[in-house]
Structure formats: structure tokens, C-alpha cells
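Q: Structure below; questions to follow.
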Amino acid sequence: MKINEIIFASHNKGKIAEITEMLKPLRIAVKSALDMELPDVEETGSTFAENSLLKSKTIAELTGIACIADDSGLCVDALNGAPGVYSARYAPDRDFNRGMDKLLAEMAASGNQSRKAHFSCVISLAYPNGEYNLFEGRVDGQIAPEKMCGPDGFGYDPLFIPDGYDCSFAQMGKEAKNKISHRGRAMNLLKAYLETM
Ligand code: IMP
């Protein structure tokens, strides 16, 4: 089934910008749920895959257009994988500056010395007929002892140092981040899939 247009079920401007950039080389028109004033589907699942599918399936059924959605988050070893699927809600009032302070405080209080963490992302592609595909990406790294801010980035980017780098996601530039990020990896799998259609 050839796809000519796709909806990205997100209201997050940072993610919309990243995904639009990544899908540019494909001749598929991308519209976002934000542009189309579609509802923000509640993430009530307990895994990234469940939440991703909740969003893509709902919007695909509602609009009759193929829909992609992602769910992603930061999993910190010292916090037994938290905040995980709760990454967005973990930040008080969705203020990630405070969310990062909370994360550093909870890591310090945990007594666990590990700084290991990973970002995970599951992208789902849902069709109006109920069929779907899943694409998963992950990037491993360390939580910095303090925020390492830079010109780019959103969410927990200033705290995440990917393995093999000494700068944070916020400092490395969008293009470099997209190449190695959890979302970039999941997107590459989605792109490879769409290219075969
Ligand atoms: P959701 O995927 O929209 O549920 O959001 C997950 C949350 O995880 C976001 O609001 C961010 O706080 C965080 N997150 C996901 N991906 C990234 C990333 O690439 N950088 C920083 N934070 C991220």
C-alpha cells in the first residue's frame, strides 16, 4: 500500500520539527495533529508501544488517513527505569527545568551510584483499517551530574550524554542528535519500511 500523506499524531512542536525534518526526503506529505487541530489522545498504556498505538490507531480511525505516532521517554537505571512512560508527566507542570532538578534529586536520594540511562522510542504506523507496524529505537548514555545546556534540545536533553560523546543531547546539534537518537533510530526503521512500499 503506497502512502502519499501521513498524519503525525503529536502536539509537541520539538518532535514535529524533528520528524518533519527526517521525513523530508520521502515524497509523503506530513501533517501534524497540532496543525489539523485533532485531539491529544491520552496516554493510558503502561508501555511505550501501547501508548504509541493508542495515539496512531485513534487518529487513523478518526481521519481515515494513515497515522504515525511515537511514545518515548527517559529510563534511568538508578530509578529502576523511571520516569519511563511517565517522562512527560514526571516534570512538575511539564516544566522540564524542574523535571531535571527532580530527576537529579531523586537519583541522589536513591543511594544508587549508577548514572546509566537510555531513551526509548516506539513509533507506530497505523492504517484506517486497523493494521499497524511498530518501529523501536534506543540510545544508551549517562545522566550528567548537572544540566549541560546548549542551543538546541527539549525535555531532558541537557541531562543526557549519549555513550561515546562528552556533550549532552542539547549541545550536539539537531543533525548529530537525529543520527543517533532513539527517535532517529526508530525513524530510520520507519523510513526504510516506507521506502520499500
Ligand atoms: P511523549 O513521547 O510525548 O509521551 O513524551 C515523552 C517525554 O519524554 C517528553 O515529554 C520528554 O520529556 C521526554 N523525551 C522524549 N524524547 C526526548 C528527547 O529526545 N530529548 C529529551 N527528552 C525527551
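The values are calculated or read from the model by the stated rules, or taken from the named source; none is laboratory data. All values derive from a computational prediction rather than experimental measurement. Cβ placement follows ideal geometry from the backbone for every residue including glycine, while neighbour counts extend to all protein chains displayed. Please note that ligands, DNA and RNA were not included when accessible areas were found on the heavy atoms of the full protein model with its side chains. Shrake-Rupley method; radii C 1.70, N 1.55, O 1.52, S 1.80 Å.
Q: Here's a check for you: in segment 50-72, which residue that is open to solvent by 30 Å² or more (accessible area, probe 1.4 Å) and either within 12 Å of the ligand (Cβ to nearest atom) or without any contact (Cβ under 8 Å) to a residue 40 or more places away in the chain (or both) is nearest to Asn12 (Cα to Cα)?
A: Leu54
Q: Which numbered condition in (1) free of Cβ contacts under 8 Å to residues at least 40 places away in the same chain; (2) crowded, with 17+ Cβ neighbours inside 10 Å; (3) not in a strand (DSSP E or B) is the only one that Lys31 fails?
A: All conditions are met except number (3).
Q: Given the options Asp166, Asp152, name the one that is surrounded by fewer than 22 Cβ atoms within 10 Å (Cβ to Cβ), more than 24 Å from Ser52 (Cα to Cα) and touching a helix residue (DSSP H, G or I) at 6+ places or on another chain (Cβ under 9 Å).
A: Asp152
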